[in-house]
1. Among C:25, C:271, C:183, whose mean-square fluctuation peaks in a Gaussian network model of chain C (Cα, cutoff 10 Å)?
2. If I stretch the segment between residue A:268 and residue A:136 completely, what's the gain in nm (0.36 nm per residue apart, minus their alpha carbon distance), one decimal?
3. With everything on Cα atoms, drop me the angle between helix A:273-287 and the longest principal axis of chain A, reported from 0 to 90° to the nearest 10.
4. Based on alpha-carbon centroids, what's the gap between the range B:264-340 and the range A:152-168 in Å, whole number please?
5. Could you please state, rounded to a whole Å, how far the C-alpha centre of the range C:19-44 is from the C-alpha centre of the range C:229-278?
6. Roughly what would the spin-label model give for residue B:242 and residue C:316, points 7 Å off Cα along C-beta, in nm?
7. Treat each spin label as a single point 7 Å out from the Cα along the C-beta direction, and report the residue B:391 to residue C:167 distance in nm.
8. Please arrange A:237, C:237 by how many other C-beta atoms lie within 10 Å of their C-beta, fewest to most.
């Protein structure tokens, strides 16, 4: 029983990070109907931004401490929001009227570009991420072990979700985002500045990815330029699982994939770990393509 | 294309585009064609087959002119030695280390007047840590650059790829650090200056039983790595033969970040120690997560741990852990200290085992050249095979009948964030 | 097929490759193997072009089919290669065909579940299948799992690679110029309309996958017998991307362009390698001024993709149209 609970906690922690990345995917898809392949690499850039920022912050704030951790995360989120906006502006906006395939290929190109330029610039060998937040073992009840890092992941994810929900449901720009996701032409006719709203969506998604990157790097302190590929892919599967375009669905999907992977790893065999995520995706696409919480989209001809 | 009209965002194109597709479909269904006319398509296709043929004729022509005069590479006043290593890519740290050691050795040799009266020219190629690349670069070294011997590689899988090519061309190949036994089985021109996994696995098994006095152990290996799987196998064999008990075995893949699932399962098996024969990145993370889960027993492993990045990643979780490797820079013998001093002076950091092995591989080749008295492949091979008690930086090296190096292993531990020498185990 | 000279051209190409392979001993081995890779990449690119370009099914898992063909052919020749040295040619042909057939079956298994998927989803699922195939090989001890498989006989030579390339181009073009080709293009242009017109889109999509996978398997077998050592990591997503870049560079649905792109992109890393090895340049004091260039292959590929899509989505070697697909 202890082992089961332990695996559950591990899975939830990992799944929350996937959920944060999945939110970015789902928001962009909801509005633009395309998968931003480069999202996983923004996650990677967030972690590297944190890596390079940490010493600078350490000069100002005492480290490791909660304050320094928050400062690094906040600044990394800003940097990645800017990166997201730049990518959208130069790689995706010119192709808004082009066939979907063109944008798909461009997105793949951007993703590869970020990864391999990262290898050139940062070096391909893994770097060790500095400890930003002091680690305390929170609980050790009967063999069960929870660390403060895991609690922080869950807490930060929860907070960001609440903040996101607030933005999307209670602010004007959130309303504009929702309008765009329902009907772009009508929204434009109603006076919504589509360019700004799309840029904002990308910025928001990228900031969440950066937060996920920092949280990931705190928990698994070895970062390398290719670290975003697999989490990005799995987060995309999570978004699809939950129903793409659906925010709570993305979170649900992330948690499900995180826990399933952990259980399969622990109880069956870890070598098939990655294949699990792929298999879940294929299954859900075959059985219920609109996802667990999604609505069926009618394709108009 | 219909996608054009309904990509979820954007204005529809005016007029013509919207009505074109039905007309196209009708034309298609009627049997005549769209923009690709039959004849025209064929005409273009003709060009493709011809261009294929012409390009190749040109290539073949130029290639034919390119064959080097003699493979010995000693036509002139230099002796050409080839080196292939992972200078970039995911295993760049290993390749860069071994390259630095080899380059230092070549410079030392040239400063002392070269070998057989000629200077050595080291031609280095990067295989980018990727499968498929070593074959190409080694062919290039042999056929285009005309080297007389090849040094490389650290990773066994890439050595395995290149070895048959060197064997086929009768070019001696010396691997600095590939520990998989299969590498030298490729042929009698393939050598290595390091010990092999059966020896290393047994060393760690003996160390665990005799020195650490462990009664039971668990294994956490990387199934995507030949090295890790092999080392684990030999460890298990040695440990159980010595009366130990293996209580659990778990796997992970290269690049995995989260090992809590496997560690939780192993914790339930209650081992006295965990053998982790992997590479430093994963080992560091494994140590961290093990301590977080409340596993307090020591971890131990092989030479894949050896890297300056191990402790930065694993931190205090690694205190009191052990691993086997090829040499220690703290070795007080004058040869090692000289080497360490020279290396530091030139590169600024302390040489690790890969650098030391890279240095030794070049030095052993030079020694064999001197004993052979010529650069002819067969003679150099004979000299290499006869190497006995060569005083290398990594110990006294004797090449045995399987062309592997018979030499001692060194056990290190981590104390206060530094690698600390523990003991030497002779074969 | 309407054109008369195609079969003649095929025979000429085969004869030419036979002739050249007889003189292969005179050729620098490094250059020779680069030529082999050119041939193999041509086969891969043309077969992927059938799936992506002509049928519009954006598949990102082509390396998986290649892997199936490679391992199958390798296992067969490893097992039977020593029996009769005189029948080596027949054995090799048999092994290649078996590899291709098994890859074709895999193509069937991949094509069927993906029938309902479009665009992005199809791309991701095919990527997933490619990775699943790789993970399966990585865990299959019979073929050496992660430790790799040594291929004992290096049967690949100029005749086989270029002969196979010529045959691939011929077959794909013949297919495209038949009613099947009409079906492929119909599926690509507008699947719903095609179904409405009574075209069995399932048949055409599955055929494209099966034929494309067959030739990818063939290329895999040739690759296995040239490099003589297989590891599952050599058939990963990056390998699939490399082939996709060839198709996009050449222009989707444009076989001659794709062939040219395959040649160019096989020579690119060698060119970069040569450039990185240039010891010095007059006027630049540093030794090996271009050493960093050798590692930029993937960066160049990614930039190519982005820049091409932004400026010339029809591909570099297509001159007739302005969109990725005709019309």
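1. Largest GNM mean-square fluctuation: C:25.
2. 44.5 nm
3. The answer is roughly 30 degrees.
4. 38
5. Comparing the Cα centres of the range C:19-44 and the range C:229-278, I get a distance of 16 Å.
6. Between residue B:242 and residue C:316, the simple spin-label model gives 5.8 nm.
7. The two pseudo-label positions are separated by 6.3 nm.
8. C:237, A:237
Where a number appears in this text, it was derived from the coordinates with a stated rule and is not lab data. Bear in mind the structure is a predicted one, so any value in this text is a computation, not a measurement. When we count neighbours, we look across all protein chains shown, and the Cβ atoms used for this are built from the backbone with ideal geometry, even at glycine.
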